[in-house]
Amino acid sequence: MRRVASVILTRTAVVMIFFTALAGCSQSEHGEHVFTRQNQAASALATVIIEAEARESVTVERLHVAESQLDDACRALREAAMQKMSGNSTGLESEILILMSLDHCAAETKRIERLVRRSDPEIARFYLGPEPVVLRSSH
C-alpha cells in the first residue's frame with residue numbers, strides 16, 4: 001500500500017510540475033510586464049526616498065519599509081531576470097517560484113505606484129507615466 005501511495009504521489013507531483021511549467025510559458029509576457037513595472041516603481045520610490053531624506057522628512061522610515069516589502073515580494077522575479085540577462089537559463093524550481101510570487105509582486109508594485117503618486121506626483125509622472133484613467137460605467 002505504501003508503494004502505491006508513493007507512485008501516486010510521484011505521478012501527481014510530476015503532473016503538477018508539468019502544468020506549472022506550461023502555465024509559466026503562457027505567463028511569460030505577464031511576468032515581463034510585471035518585472036518592468038516593478039522596476040519602474042522601485043526606481044521612482046528610490047527617488048522619492050532621496051527627496052524625503054534631503055528634506056529630513058518623517059516619512060523616510062515608512063518609505064524604506066515599503067521599499068523592503070517590494071524587494072521581498074519581487075525577489076524571485078528579479079533574480080530570474082538577472083539570470084536571463086546574464087545568458088543563463090532559470091531552472092524549473094525558479095520558474096515555479098516566479099509563478100507563485102507573481103501576483104504578490106504585481107499587487108505590491110501597484111501599492112508602491114499609488115504611494116509614489118501620493119508622495120510626489122512629478123516623480124510619479126516621470127517614472128510611471130500619467131496616472132491611468134479609470135473609466136466608469138454610464139449605467
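Restricting the first member to the range 40-53 and to residues that are closer than 11 Å to THR109 by Cβ, and the second to residues that are assigned to a helix (DSSP H, G or I) and of a type in the set (Ser, Thr, Tyr), the beta-carbon pairs closer than 8 Å and six or more apart or on different chains are GLN40/TYR127; ALA41/THR109; ALA41/TYR127; ALA44/TYR127. When the range 68-111 is limited to residues that are out of contact with any Lys or Arg (no Cβ under 7 Å at 6 or more places or on another chain) and not in a helix (DSSP H, G or I), the one that is farthest from LEU128 (Cα to Cα) turns out to be GLY91. You will find that of VAL34, VAL60, the residue that is touching a helix residue (DSSP H, G or I) at 6+ places or on another chain (Cβ under 7 Å), farther than 18 Å from ARG118 by Cβ and either modelled with pLDDT of 85 or more or of a type in the set (Lys, Arg) (or both) is VAL34 and no other.
All conditions in (1) touching a residue at least 24 places away in the same chain (Cβ under 8 Å); (2) exposed (fewer than 14 other Cβ atoms within 10 Å of the Cβ); (3) over 14 Å from VAL34 (Cα atoms) hold for GLU95, with the sole exception of (2).
Among the conditions (1) more than 26 Å from the chain's Cα centre (by Cα); (2) part of a helix (DSSP H, G or I); (3) at pLDDT 50 or above, the only one that ALA44 does not satisfy is (1).
The values are calculated or read from the model by the stated rules, or taken from the named source; none is laboratory data. What you see is a predicted model; the values in this text were computed from it and never measured. Neighbour counts run over all protein chains shown; Cβ positions are idealised from the backbone, glycine included.
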